[in-house]
Amino acid sequence: MKRWTALTPAVLLAAGGCLASKSDIRLLQDELRATRAQLAGGDTAILRADQSRARQIEAVSASVGRINDSVRVLAERLASFQANSAGEFDAIGKQIVTIQALLGQTTRNLQNAQAQLQALREQGAMANPAAVPPPAPGTDTTQQATGPGAATLFITARQQLQEGATAAARNNFQQLLNSSPNDDRASRAQLYIGESYAQEGNSAAADSVYLLVADKYPKSPEAATGLYRHGKMLWDANKKSEARKFLQRVVRDYPDSDEARLADTLLHERV
């Protein structure tokens, strides 16, 4: 068997038509070994290249994973920020509404205190006419000197209205309007007359007075209140097309009023 293996190169050369010497056989064997070495080296290079590419792919995959993690973290932070911001904006909006309500209440309290102070002055003047100082420029002096002044009438009527004595309150408010039509409390007195009718369940009379407030005192804060209440009555009566005209007027002519915000909410309500 070994003999046949050793003779294989010679046989191959003989098949080619020539007789190979030992040196030719060694040369052929060396070439074979060189070829095998080259093939082995090529395989090694390919293997190394494949391993290098595998490492590069692994590195890129790791980088992509880290980027995805970063994007996910950023997305979570953004969602958290948006949620917190929305909550903070909502809280700020509620605080603004609360502050506006407090300012409105403070203004009303101040007006009531001024009216009470004026009423006390008027009562003191009625008790001691000689101690009354001359009226300030622009002061309404149309009320009778012997009768109660506008402030006294207003305070008395407000208390009567709160106690449910609507007819008596309405009479005093009307007396204020008759004796002091230019008093700065006149627009509120007119509005309260409407409220007195509303307390009695006379919606038609109350509604007509609410419109009268806007007609007689268009520049007063009570004008927005009167228009809004009229529009709300129409809205509740399912006369929405007509109601929108008055509600839109409130939003347009009195944009800074509380009634404008209420009217805007009502106008954007789903029907």
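FYI, it's all coordinate maths here, none of it is from the lab. Bear in mind that the values here come from a model prediction, so they are computed numbers and not experimental data. As a convention, Cβ positions derive from the backbone with ideal geometry for all residues, glycine included, and neighbour counts pool all protein chains shown.
Extension gain for the segment Ala204 to Ala40, taken as residue separation times 0.36 nm less the Cα-Cα distance, is 48.2 nm to one decimal. When Thr166, Thr265 are arranged by Cβ crowding within 10 Å, least crowded first, meaning fewest neighbours, the order is Thr265, Thr166.
Could you work out the per residue convex hull volume over the alpha carbons of segment 213-271, in cubic angstrom? Working shown, then result.
Working: hull volume 3.8 nm³, N = 59.
About 65 Å³ per residue, rounded to a whole number.
When you count the other C-beta atoms within 10 angstrom of each residue and take the mean per peptide, 215-225, 22-32 line up highest first as 215-225, 22-32.
If you take the Cα atoms of segment 148-271, find Rg, then find the Kirkwood Rh from the mean of 1/r over all pairs, what is Rg/Rh? Working shown, then result.
Working: Rg = 14.9 Å, Rh = 14.8 Å.
Result for segment 148-271 is an Rg/Rh of 1.01.
Per-residue counts of other Cβ atoms within 10 Å, averaged by peptide: what ranking do you get for 69-75, 181-187, highest first?
Values: 69-75: 10.0, 181-187: 18.0.
Ranking, from highest mean packing down: 181-187, 69-75.
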